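J.: To start, I am sharing the structure in question, which I have written as structure tokens.
The values are calculated or read from the model by the stated rules, or taken from the named source; none is laboratory data. The model shown is predicted, which means the values in this text are computed figures rather than measured ones. Cβ coordinates were reconstructed from backbone atoms using ideal geometry, including for glycine residues, and neighbour counts include every protein chain displayed.
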Amino acid sequence: MALRGSVALLAALVMCSGALAESFHFMPAPSQELSRIYRVDRLTGEMGACAFALKDENSVGLTLCYPAGEGAKAGEPGDYMLVASNHRIEAGIFRVNRRTGDVSVCYVRGDQEIVCSPAAR
């Protein structure tokens, strides 16, 4: 009986760790001119973005990450994901809440922060 309980506990832990591994959703910017990736917290909708930059010719480069600004901070709990447009020069990305159908557009403003438009349906 103790073995069954241990197996059940182990199975529950594996399932929980899988859920934790899916806390974020990532998608590259649709623009072919940018080396940028967007991130959304699947539960809160908080956005982030990071880009690659060269420090100088003899370095391996830097990862520049932008903090959440206006409209991009954590919001109501939901089931958020990112959707890229098919527009090949678009720098922003769509944040969608699969529970409510809300959509907002997020982008990096002024190479300082990521911002998002108010959600609409």
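J.: In segment 44-71, which residues are touching a Phe, Trp or Tyr at 6+ places or on another chain (Cβ under 9 Å) and among the small types (Gly, Ala, Ser)?
T.: Within segment 44-71, 45, 48, 49, 51, 61 qualify.
J.: Need pairs with beta-carbon distance below 9 Å; first residue within 20 Å of residue 23 (Cα to Cα) and in contact (Cβ under 8 Å) with a residue 40 or more places away in the chain and within segment 60-78, second among the charged types (D, E, K, R) and loosely packed, with under 13 Cβ neighbours inside 10 Å; sequence gap 6+ or separate chains.
T.: Within 9 Å, the pairs are 66/111.
J.: Which pairs have Cβ atoms under 9 Å, sit 6 or more apart or on different chains, and link a residue in segment 83-94 that is surrounded by fewer than 17 Cβ atoms within 10 Å (Cβ to Cβ) to one that is charged (D, E, K, R)?
T.: 83/95; 84/90; 88/33; 89/33; 91/33; 91/36
J.: Go through (1) closer than 16 Å to residue 27 by Cβ; (2) in contact with a Phe, Trp or Tyr (Cβ under 8 Å, 6 or more places away or on another chain); (3) among the charged types (D, E, K, R) one by one and return the number of the condition residue 113 breaks.
T.: In the conditions (1) closer than 16 Å to residue 27 by Cβ; (2) in contact with a Phe, Trp or Tyr (Cβ under 8 Å, 6 or more places away or on another chain); (3) among the charged types (D, E, K, R), residue 113 misses (1) alone.
J.: At least 3 residues that are modelled with pLDDT of 95 or more and not small (Gly, Ala, Ser) in each: list the strands (runs of 3 or more DSSP E) lying fully within segment 5-121 that qualify.
T.: Because the criterion is at least 3 residues that are modelled with pLDDT of 95 or more and not small (Gly, Ala, Ser), the strands (runs of 3 or more DSSP E) in segment 5-121 that meet it are 24-28, 36-41, 80-83, 93-97, 103-109, 113-116.
J.: Also, quick follow-up: May I ask you to list the residues in segment 46-64 that are of a type in the set (A, V, I, L, M, F, W, C) and under 13 Å from residue 24 (Cβ atoms)?
T.: Selection gives 47, 49, 50.
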